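Below you'll find the structure, written out as structure tokens, and then a few comments.
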Amino acid sequence: MTPFSYRCTDCGRQYSRDQVRYLCPECGKAYRPGIPLLGVLEAVFDYEAIRAQFNAARPDWNLFCPVEPQFHPPLPVGNTPLARVDRLASEYGLDRLWVKNDGLNPSGSLKDRASFLVVAEAARLGIDLVVAASTGNAASALAAVCASTDIKALIFVPEKAPKAKLVQMVLYGATVIPVKGTYDDAFRLSLEYTEARGGLNRNTAYHPLTIEGKKTAGLEIWAQCGQVPDAIFVSVGDGVILGGVHKAFVDLHRAGIIDRLPRLIGVQAESSDAIHRFCETGVYADAANPTTRADSISVTCPSNAYGARRAIQESAGLTLTVTDDEILRAQATLAARSGIFTEPAGATALAGLIKLQQSNRALPASARAVILATGNGLKDVEAPLSRIAIPPAIEARLESLPQ
Ligand SMILES: [Zn+2]
């Protein structure tokens, strides 16, 4: 661990680590559930200290970690493989292409990284309860990481949350509370709960260490590529994974370890496009009717809208949208050409790459591109099931088979 302080991404005020917990006390005053977060805090490290100790041949990611290792949960998270996918690369006009397979995290999604760090922070603070509002991967991730510790998970879910999404969290032993209303109602209640009754709130971007946790995916991409990739394709819902991947390269850059940032290509589902429109027009408005099958990125009001837009601008990146049909086709293409089965939200990043490569903004063949596959395809088999045919059974005789 390296000494750090928090800096407000809106007003720039700095705070020591134990002076604040969630949002900037000044800018956060104007925040209310139902609008993008204001006063999101960023961990700013002693980059000279990192530079002095960092060894690129054997990177110690604890130097970039804001919680001391003795508080880390025992469940190993991250260090997922980066697969080179040559069959896909040539198809889309690239010499090299990689997929970061984060569906291989313990609960099957990148969100384990954020939960790992928030649970570590709870252990440091001596708090025995972590609270979240979620309908899926974030809650499963929190429940899994808590299951490896003495810390309890309390999860508020909207009453209409799909049953399949609840199985993991219940099996991991979390307390699951269905709430009448929407995700926004569950989110608001979780904030009211931690304010009135205690516990540490893990809501994404609201707790600044969720961004720091997701940052580790970017650090690993840099190390596994052996250099800064030219472009990283990230599916975008609330914008926190995008912000986390960007923060990885910002930290490496501030520490003098790299000399440029990768372009971030944020890909949204067409019906859940609030961040894309914000980046294109500079004017924020909620997504009108998010109905995408890529449920992990189906968001009306992205919590990290401002941070995501900043990440796109600072990295000279861009955003685009894809249809559900393009997402599910990309999911099938990735599975059949690389052996990686990612959930629709993860395949959204590849759908974006395919669309970009077919446009006049295509990356040159020499570009080194990475697709971040954020979750495991086994989490939601219903989506692809609607598009494939399972063959009928045959009699168990060779003659029953076609010649
Ligand atoms: Zn502020």
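Derivation of every value follows stated rules applied to the coordinates shown; laboratory data play no part. None of the values given here were measured: they were computed from a predicted structure. FYI the Cβ positions are ideal-geometry reconstructions off the backbone, even for glycines, and counts take in every protein chain you see.
In the P(r) worked out for the chain, what percent of Cα pairs fall beyond 42 Å?
Values: 7495 of 81003 pairs.
When every Cα pair of the chain is considered, 9 percent fall beyond 42 Å.
What value in Å³ per residue do you get for the convex hull of the alpha-carbon atoms in the range 91-151?
On the way: hull volume 6.5 nm³, N = 61.
Residue-normalised Cα hull volume stands at 106 Å³.
Only residues of the range 231-262 count here: report those whose backbone N is under 19 Å from the spot 7 Å along Cα→Cβ of ASP46, or say none.
251-257
Find how many whole Å separate the alpha carbon centroid of the range 58-112 from the alpha carbon centroid of the range 332-356.
Centre-to-centre distance over Cα atoms comes out at 16 Å.
Over the range 287-403, what is the relative contact order in whole percent, taking alpha-carbon pairs under 8 Å and six or more residues apart? Don't jump to the answer; show the numbers that get you there.
Numbers: 101 pairs, mean separation 26.1, N = 117.
Rounded, it is 22 percent for the range 287-403.
Can you tell me the order of 330-336, 45-51 when each peptide is scored by its average per-residue count of other Cβ atoms within 10 angstrom, highest first? Intermediate results must be reported in sequence, preceding the final value.
On the way: 330-336: 19.6, 45-51: 16.1.
Result, highest mean first: 330-336, 45-51.
List CYS279, CYS24, CYS301, CYS11 from most exposed to least, where exposure is judged by having the fewest other Cβ atoms within 10 Å. Let's see the in-between values first.
Values: CYS279 23, CYS24 26, CYS301 20, CYS11 12.
Least crowded to most crowded, the residues run CYS11, CYS301, CYS279, CYS24.
Principal axis extents for the range 1-138, Cα atoms only, whole Å, descending order, please.
Here the Cα extents, ordered largest to smallest, are 51, 42, 32 Å.
Could you work out the relative contact order of the range 1-118, using alpha carbon pairs under 8 angstrom and six or more residues apart, expressed as a whole percent? Write down the numbers at each step before the final one.
On the way: 151 pairs, mean separation 25.3, N = 118.
Relative contact order for the range 1-118 comes out at 21 percent.
Provide the per-residue ³J(HN,Hα) series for the range 70-79, in order, calculated from phi with Karplus coefficients 6.51, -1.76, 1.60 and θ = phi - 60°, each as a whole number of Hz, with x at glycine and proline positions.
5, 9, 5, x, x, 6, x, 10, x, 6
What per residue convex hull volume, in Å³, do the alpha-carbon atoms of the range 184-327 yield? Display every interim value, and only then the final one.
Working: hull volume 17.4 nm³, N = 144.
In the range 184-327, the Cα hull volume divided by residue count equals 121 Å³.
Treat the count of other C-beta atoms within 10 Å as a stand-in for reagent exposure and order HIS253, HIS246 from fewest to most. All intermediate terms of the calculation are to be shown ahead of the outcome.
Details: HIS253 15, HIS246 29.
Taking fewest neighbouring Cβ atoms as first place, the list is HIS253, HIS246.
Which helices count as membrane-span-like in the chain under these terms: full DSSP H, at least 24 Å along the axis by C-alpha, Kyte-Doolittle mean of 0.0 or more?
Numbers: long enough: 209-225 (25 Å, 0.08).
Length and hydropathy pass: 209-225.
Would you mind telling me the antiparallel percentage of the DSSP bridges in the chain, rounded to 5? Show your work: numbers first, answer last.
On the way: 12 of 44 bridges.
Percent antiparallel among DSSP bridges in the chain is about 25.
Volume per residue, Å³, of the convex hull around the alpha-carbon atoms of the range 16-78? Don't skip to the end; give the middle numbers.
On the way: hull volume 9.9 nm³, N = 63.
Normalising the Cα hull of the range 16-78 by residue number yields 157 Å³.
Per DSSP helix of 4 or more residues, -39500 (n - 2.57); summed, then divided by the residues of the chain. What does that give at 222 nm, rounded to the nearest 500? Could you put the intermediate results ahead of the total?
Values: 13 runs with 145 residues, N = 403.
So the calculated ellipticity at 222 nm is -11000 deg cm²/dmol.
Pulled fully out, how much extra length does the chain show between ASN79 and TYR15, if you take 0.36 nm times their separation in residues and subtract their Cα-Cα distance?
Details: separation 64, 0.36 × 64 = 23.04 nm, distance 3.08 nm.
Extra length from ASN79 to TYR15 when fully extended: 20.0 nm.
I'd like to know how the range 290-379 sits against the 2.2 N^0.38 Å rule of thumb: what's its Cα Rg over that expected value?
Working: Rg = 13.7 Å, N = 90, 2.2 N^0.38 = 12.2 Å.
That ratio works out to 1.12.
If you average 1/r over all unlike Cα pairs in the range 299-348 and invert the result, what Kirkwood radius do you get in angstrom?
Computed over Cα pairs of the range 299-348, the Kirkwood hydrodynamic radius comes out at 12.7 Å.
Give the average over all directions of the projected area of the C-alpha convex hull of the range 186-246, one decimal, in nm². Present the calculation step by step, with values, prior to reporting the outcome.
Numbers: hull surface 19.2 nm².
Average of the hull's projected areas for the range 186-246 equals 4.8 nm².
When we measure straight from the Cα of LYS100, which lysines land under 22 angstrom away, once same-chain ones fewer than 8 places off are left out?
LYS111, LYS214, LYS215, LYS247, LYS355, LYS379
If the chain between ALA285 and VAL170 were fully stretched, how many nm would it gain, using 0.36 nm times the residue separation less the Cα-Cα distance? If you can, show how the numbers build up before the last one.
Values: separation 115, 0.36 × 115 = 41.40 nm, distance 3.49 nm.
Stretched fully, the ALA285-VAL170 segment lengthens by 37.9 nm.
Would you order ASP112, ASP18 from fewest to most other beta-carbon atoms within 10 Å of each residue's own beta-carbon?
Details: ASP112 28, ASP18 9.
So the ranking, lowest neighbour count to highest, is ASP18, ASP112.
Could you work out how far the C-alpha centroid of the range 248-306 sits from that of the range 364-397, in angstrom?
Cα centroid to Cα centroid, the span is 24 Å.
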